[in-house]
Amino acid sequence: MQRLRQISSHLYPLAGVAALQEKRPDDVVVTMAIRSPLTKAKRGALKDALQVTSLR
């Protein structure tokens, strides 16, 4: 049954909001993002890195 649903989703993909709201087992949820102290504060390699950059 799962295989048939998978093939069907390839042939007839959802569009718009329905595609965004569909729950899939490979979804990733970020619960917390912090910059770890890998370099010296305000002088290291990560001093100019934005937190948004760390999430990519």
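Before moving on, here are some points about what is shown:
- Among the residues making up region 14-56, those that are at pLDDT 75 or above and surrounded by 10 or more Cβ atoms within 10 Å (Cβ to Cβ) are 19, 22.
- Region 12-28 residues that are at negative phi and among the polar types (S, T, N, Q), paired with ones that are modelled with pLDDT under 80 and surrounded by 10 or more Cβ atoms within 10 Å (Cβ to Cβ) (beta carbon under 9 Å, 6 or more apart): 21/14
- When the residues of region 15-29 are filtered to those that are among the small types (Gly, Ala, Ser) and in a helix (DSSP H, G or I), the one that is farthest from the chain's Cα centre (by Cα) is 18.
The values are calculated or read from the model by the stated rules, or taken from the named source; none is laboratory data. Predicted model, so just to flag it, every value in this text is computed and none were measured. Quick reminder, even Gly has a Cβ in these numbers, built from the backbone with ideal geometry, and neighbours come from all protein chains shown.
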